[in-house]
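Novice: Below is the structure I would like to discuss, written out as structure tokens.
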Amino acid sequence: MIIDRVEVETINSFSKSELLKEVYGLIWILPILTLLLGITIEVLVIVWLEREISASIQQRIGPEYAGPLGLLQAIADGTKLLFKEDILPSRGDIPLFSIGPSIAVISILLSFLVIPLGYRFVLADLSIGVFLWIAISSIAPIGLLMAGYSSNNKYSFLGGLRAAAQSISYEIPLTFCVLAISLLSNSSSTVDIVEAQSKYGFFGWNLWRQPIGFLVFLISSLAECERLPFDLPEAEEELVAGYQTEYSGIKYGLFYLVSYLNLLVSSLFVTVLYLGGWNLSIPYISFFGFFQMNKMVGILEMTMGIFITLTKAYLFLFISITIRWTLPRMRMDQLLNLGWKFLLPISLGNLLLTTSSQLVSL
């Protein structure tokens, strides 16, 4: 069989185009892998910071042996949990027992899809970005409840029930606060919300236009993260370790990861919704526009935006860590009363006031 030159060139061009399609198909994975690597590094930094700040508040030394200044302590703890034996409860529901931590981790990782770390630096700029985050964050308590139920342990089951009740109690006022921000920005996109705050710099932040909503959002986000004084689902003195009592090894490490991922997501959303995101505190002027660096402007602005966003997020992290060692743990009835009797009507009144002001301004 003889193949002419035209057919050979056609076959070669077809094979090259198929190869390019495969290469382009793999390129979209790179941003996701980069984001996962960044999230991992951020969690390690938060763990180290919490230990150092906690030690400073309590006048202790803190981690100092694993690496310089104890920087490798979190890596050492993760490696230890990775190689520990994975013990399964003999009378528990093993499939649910294994799925519970995975659901909690995956639901929180999906929240990073709509978080803009810088200008045009977001994986998915959706028109319903903030409400997608609320919907995704509502899935995590399901994993915690599954973990508590499948352990066949009354303390674990009580911890799972507390996690579900706490999430329902504080998800509603948090949603009302987010809805008020969406009304002010005329959009539910996280990118649009940040850009709406860039007109007047520091004075354009939603913090000044929504001070009541900011306080309610701050309290609700701490409760969603189960941080002190809202760590009722895993109160050691009452429930041993709550829904994670029967877990060990890497599955226990996943719950450890969930708590810090949740704290990181909440701090980033506080930055995006109320603190202007990647914008500077002065009226927006492109600093790099004064220089003739056309090819490098985009990269430098993106890097500066990421730095500004993370700096504001770490401010919230410092506040949450300080509150942990300042306020005592609440009782369960006090926790529910605060959510249903105080934060819910306050957030609803704030939403109605915001709606009224927007209607009057039309």
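The values are calculated or read from the model by the stated rules, or taken from the named source; none is laboratory data. Predicted model, so just to flag it, every value in this text is computed and none were measured. Counting neighbours? That spans all protein chains shown, and the Cβs are built from the backbone with ideal geometry, glycine included. The protein model used for the area step is the full one, side chains on, heavy atoms only, and it has no ligands, DNA or RNA in it. Shrake-Rupley method; radii C 1.70, N 1.55, O 1.52, S 1.80 Å.
Novice: Can you list the helices (runs of 4 or more DSSP H) lying wholly within the stretch 63-159 that have 2 or more residues being aromatic (Phe, Trp, Tyr) and touching a Leu at 6+ places or on another chain (Cβ under 8 Å)?
Specialist: none
Novice: I've got another one for you. Would it be correct to say that Ser151 is among the hydroxyl-bearing types (Ser, Thr, Tyr), open to solvent by less than 20 Å² (accessible area, probe 1.4 Å), under 23 Å from Tyr252 (Cβ atoms) and touching a Ser or Thr at 6+ places or on another chain (Cβ under 8 Å)?
Specialist: Here the answer is yes, as Ser151 does meet what is asked.
Novice: Something else now. Within the stretch 83-93, identify whether any single residue is in the same structural domain as Ala163 (by the TED database), surrounded by fewer than 18 Cβ atoms within 10 Å (Cβ to Cβ), of a type in the set (D, E, K, R) and out of contact with any helix residue (DSSP H, G or I) (no Cβ under 8 Å at 6 or more places or on another chain), and answer yes or no.
Specialist: Yes, the conditions are met somewhere in the stretch 83-93.
Novice: Of a type outside the set (Gly, Ala, Ser) and at pLDDT below 90 - does that describe any residue in the stretch 173-180?
Specialist: So far as the stretch 173-180 goes, no, none of its residues is of a type outside the set (Gly, Ala, Ser) and at pLDDT below 90.
Novice: Of (1) farther than 25 Å from Ile41 by Cα; (2) outside the structural domain of Thr271 (by the TED database); (3) not polar (S, T, N, Q), Gly78 satisfies all except one. Which?
Specialist: Exception for Gly78: condition (1).
Novice: A further question on this structure: Go through the stretch 132-168 and give me each residue that's closer than 22 Å to Leu344 by Cβ and touching an Asp or Glu at 6+ places or on another chain (Cβ under 8 Å).
Specialist: Ile134, Ser137, Ser138, Ala163, Gln166, Ser167 - these are the residues of the stretch 132-168 that are closer than 22 Å to Leu344 by Cβ and touching an Asp or Glu at 6+ places or on another chain (Cβ under 8 Å).
Novice: Related question: Would you confirm whether any residue within the stretch 177-189 is under 21 Å from the mean Cα position of the chain (by Cα), hydroxyl-bearing (Ser, Thr, Tyr) and open to solvent by less than 20 Å² (accessible area, probe 1.4 Å)?
Specialist: Yes, because at least one residue in the stretch 177-189 is under 21 Å from the mean Cα position of the chain (by Cα), hydroxyl-bearing (Ser, Thr, Tyr) and open to solvent by less than 20 Å² (accessible area, probe 1.4 Å).
Novice: Is it the case, given these coordinates, that Tyr170 is over 17 Å from the mean Cα position of the chain (by Cα) and either of a type outside the set (Asp, Glu) or at pLDDT 85 or above (or both)?
Specialist: No.
Novice: Identify all residues within the stretch 316-333 that are outside any loop (DSSP other than H, G, I, E, B) and surrounded by 13 or more Cβ atoms within 10 Å (Cβ to Cβ); write none if there are none.
Specialist: Correct list: Phe316, Leu317, Phe318, Ile319, Ser320, Ile321, Thr322, Ile323, Arg324, Met332.
Novice: Next question, about the same structure. In the set Glu50, Glu64, which member is among the charged types (D, E, K, R) and open to solvent by less than 60 Å² (accessible area, probe 1.4 Å)?
Specialist: When all the criteria are applied, what remains is Glu50.
Novice: Would you please name the residue that is farthest from Leu315 (Cα to Cα), looking only at residues in the stretch 35-75 that are hydroxyl-bearing (Ser, Thr, Tyr) and within 26 Å of the chain's Cα centre (by Cα)?
Specialist: The qualifying residue farthest from Leu315 (Cα to Cα) is Thr40.
Novice: Okay, moving on. Please verify whether the stretch 158-166 includes one or more residues that are over 30 Å from Val122 (Cβ atoms) and open to solvent by less than 10 Å² (accessible area, probe 1.4 Å).
Specialist: Within the stretch 158-166, one or more residues are over 30 Å from Val122 (Cβ atoms) and open to solvent by less than 10 Å² (accessible area, probe 1.4 Å).
Novice: Something else about it: So is Ser15 modelled with pLDDT under 85, out of contact with any Gly (no Cβ under 6 Å at 6 or more places or on another chain), not in a loop (DSSP other than H, G, I, E, B) and not assigned by the TED database to the domain that holds Thr245 or not? Let's see the steps before the verdict.
Specialist: Details: modelled with pLDDT under 85: yes; out of contact with any Gly (no Cβ under 6 Å at 6 or more places or on another chain): yes; not in a loop (DSSP other than H, G, I, E, B): yes; not assigned by the TED database to the domain that holds Thr245: yes.
Spelling it out, Ser15 is indeed modelled with pLDDT under 85, out of contact with any Gly (no Cβ under 6 Å at 6 or more places or on another chain), not in a loop (DSSP other than H, G, I, E, B) and not assigned by the TED database to the domain that holds Thr245.
Novice: If you don't mind, another one. Are any of the residues in the stretch 235-256 under 25 Å from Leu117 (Cβ atoms) and open to solvent by 10 Å² or more (accessible area, probe 1.4 Å)?
Specialist: Taking the stretch 235-256 as the starting set, the residues that turn out to be under 25 Å from Leu117 (Cβ atoms) are 254, 256.
Now drop any that are not open to solvent by 10 Å² or more (accessible area, probe 1.4 Å), which leaves 254, 256.
Scanning the stretch 235-256 turns up at least one residue that is under 25 Å from Leu117 (Cβ atoms) and open to solvent by 10 Å² or more (accessible area, probe 1.4 Å).
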